[in-house]
1. Test each condition in (1) part of a helix (DSSP H, G or I); (2) open to solvent by less than 60 Å² (accessible area, probe 1.4 Å); (3) within 30 Å of ALA168 (Cβ to Cβ) for LYS209 and report the one that comes out false.
2. Quick one: would you say TYR215 is among the aromatic types (Phe, Trp, Tyr), within 27 Å of ASP192 (Cβ to Cβ) and away from the ligand (no atom under 14 Å from the Cβ)?
3. May I ask you to say which residue of ASP174, ASP185 is part of a strand (DSSP E or B), open to solvent by 10 Å² or more (accessible area, probe 1.4 Å), out of contact with any Gly (no Cβ under 8 Å at 6 or more places or on another chain) and charged (D, E, K, R)?
4. Confirm whether ALA380 is within 27 Å of PRO47 (Cβ to Cβ), crowded, with 16+ Cβ neighbours inside 10 Å and out of contact with any strand residue (DSSP E or B) (no Cβ under 9 Å at 6 or more places or on another chain).
5. Could you list all residues from segment 292-310 that are part of a helix (DSSP H, G or I), open to solvent by 40 Å² or more (accessible area, probe 1.4 Å) and more than 21 Å from PHE247 (Cβ to Cβ)?
6. Within segment 229-257, track down each residue that is more than 16 Å from the ligand (Cβ to nearest atom), in contact with a His (Cβ under 9 Å, 6 or more places away or on another chain) and either polar (S, T, N, Q) or open to solvent by less than 10 Å² (accessible area, probe 1.4 Å) (or both).
7. Pick from GLU193, GLU176: which is within 18 Å of SER211 (Cβ to Cβ), at pLDDT 95 or above and out of contact with any Leu (no Cβ under 8 Å at 6 or more places or on another chain)?
Amino acid sequence: MTAVGIDAVEIWTGNLKLDLPGTFAPEKGEDPEKYTKGLGLNASSFPDSYEDIVTMAANAAYRLMDRKGLEPDDIGRIDVATESAFDNSKPVSTYVAGCLEQVFEGDFHHANKGERKFACIAGTQSLDDAYNWIKAGRNRGRGALVIATDTALYARGDAGEATQGAGAVAMYIDEEPNLVELSADQGYGSADETDFLKPNQQFPSVDGKRSVQVYLARMREALEDYESVAGAVHPDDFAYAPFHTPFPGMVRRAALLAYRHVIRNTSIEDDLAADIGRQPRPEGFDSDEAYRDALRDYMDSLKETDQYREWYAETIEPTLSISREVGNWYTGSVHLARASTLKEALESGKEMAGSRLLVGSYGSGAQAEIHAETVRDSWAEEIEALNVDEQLEERYDMSWEDYEEIHDAHNHEMDVDVEEFTTPEQEFVFDGWGRMGERKYRFVE
Ligand code: CAA
């Protein structure tokens with residue numbers, strides 16, 4: 001059967017950087033370690049004054065098409081996933097196509113374009129749409145361009161301000177892909193939740209503490225649903241587990257729960273029993289409260305075991321390296337985690353062809369999805385081509401005053417003009433407003 005999956009990926013970070021322990025924490029009167037150790041973040045990426053979700057998406061797509069030698073005729077779909085859209089009718093993908101048509105010969109008039117919305121999980125849903133379109137044989141030999149792009153900004157003073165970020169991930173989905181093959185098996189955990197929403201407003205209303213609990217509950221449901229179709233997951237089955245990463249501390253919490261779940265009734269649980277006992281089971285307790293207390297004690301002990309620490313260091317830690325430097329990219333976050341994983345594998349000389357990834361996506365509101373991916377033979381060439389380290393290095397490091405200015409400049413309610421901090425080069429930039437209030441873009445050589 002023909003393999004379908006991600007052939008290539010490209011990343012575009014916002015051109016500005018906010019140093020969280022160095023600039024943000026002192027201004028907030030907080031211990032820098034809340035950011036570096038608690039949330040697990042060193043910095044956030046921000047868009048410069050000439051950047052937005054369209055420029056970042058088009059720049060990631062341009063890099064991808066240019067590097068892969070793709071032409072508009074090779075692309076039968078352009079799907080953009082975002083939760084930062086500025087138009088309730090015209091999709092971002094049309095703007096992106098317009099940008100790309102400025103620099104490539106030909107056009108995208110015969111490509112199906114759309115925009116996907118379900119908080120941060122929409123990027124993965126767009127991958128699914130592309131996969132299903134190809135598997136259904138409706139692609140006429142063409143591939144799909146899937147782009148996840150967001151400016152994840154919170155109101156100033158909101159607790160979420162610490163987890164902001166901005167960037168885009170572009171992926172080319174095709175038959176016999178170079179990077180990873182997607183599995184047909186999927187698990188879902190989905191419920192009507194009110195943890196994070198933007199009812200016609202730019203900055204989200206968030207119940208932060210609740211959102212963390214909802215993430216964990218829906219992920220657990222998705223894992224159980226995945227196991228119901230793919231069989232029980234064992235820690236040795238997957239080389240890495242890239243998950244949606246609003247901040248690395250969130251994944252650290254999810255990982256401990258997931259590990260407890262997947263070692264239950266395995267020889268790992270048996271081996272650990274001498275030191276920390278067996279996992280509490282509800283039938284062994286008179287009350288729910290007693291069971292929960294016992295579970296908490298077990299988790300506290302599990303977290304300190306060598307087995308767990310080694311598994312975490314090998315399977316989870318490498319998925320977080322880019323996220324630590326850029327913050328939350330919403331729809332792009334899990335796709336950054338995959339890129340981070342494979343980049344770390346390449347840099348540590350690990351041979352990944354044939355290895356499997358357990359990928360966990362999440363969107364507030366809320367839905368989690370879990371599927372497996374198998375790494376393909378040419379994965380290393382694709383990952384070697386990324387220039388994410390250079391991009392991160394070249395970001396302009398904002399002072400607190402710069403940050404306040406740029407936050408205001410991107411606030412739709414404010415009319416603030418800010419000089420750009422960086423000089424665009426070989427990239428699309430925002431170029432003012434058109435006659436119907438549409439945004440205009442141009443490519444800067
Ligand atoms: N040294 C070490 N660690 C420290 C510390 C210090 N000096 N000070 C605090 N910490 C730790 C805390 O113990 C805590 O860790 P644990 O949760 O493991 O205990 C961590 O740092 C964060 O501290 P707080 O909980 O006090 O932080 P906060 O009240 O400022 O809020 C937040 C954190 C709720 C995540 C907030 O940033 C927020 O609302 N973020 C936006 C919502 C979000 O990202 N939710 C995630 C799930 S929803 C989702 O995934 C969708 C999405 O993308 C938005």
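The values are calculated or read from the model by the stated rules, or taken from the named source; none is laboratory data. Since the structure is predicted, the reported quantities are computational estimates derived from the model, not experimental observations. Cβ sites come from the backbone with ideal geometry, for glycine too, and all protein chains shown count toward neighbours. To get the accessible areas, we keep the full protein, side chains included, count just its heavy atoms, and leave off ligands, DNA and RNA. Shrake-Rupley method; radii C 1.70, N 1.55, O 1.52, S 1.80 Å.
1. Only one criterion is unmet by LYS209, namely (2).
2. For TYR215, the condition - among the aromatic types (Phe, Trp, Tyr), within 27 Å of ASP192 (Cβ to Cβ) and away from the ligand (no atom under 14 Å from the Cβ) - is not met.
3. Answer to the selection: ASP185.
4. Criteria not met by ALA380.
5. Across segment 292-310, the qualifying residues are ARG292, ASP293, ARG296, ASP297, ASP300, SER301, ASP306, GLN307, GLU310.
6. If the condition is that a residue be more than 16 Å from the ligand (Cβ to nearest atom), in contact with a His (Cβ under 9 Å, 6 or more places away or on another chain) and either polar (S, T, N, Q) or open to solvent by less than 10 Å² (accessible area, probe 1.4 Å) (or both), then no residue fits.
7. That would be GLU193, the only listed residue that is within 18 Å of SER211 (Cβ to Cβ), at pLDDT 95 or above and out of contact with any Leu (no Cβ under 8 Å at 6 or more places or on another chain).
Matching residues to (1) open to solvent by 10 Å² or more (accessible area, probe 1.4 Å); (2) within 18 Å of the chain's Cα centre (by Cα); (3) touching a residue at least 40 places away in the same chain (Cβ under 8 Å):
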position	(1), (2), (3)
GLY5	no, yes, yes
ILE11	no, yes, yes
THR23	yes, no, yes
TYR35	no, no, yes
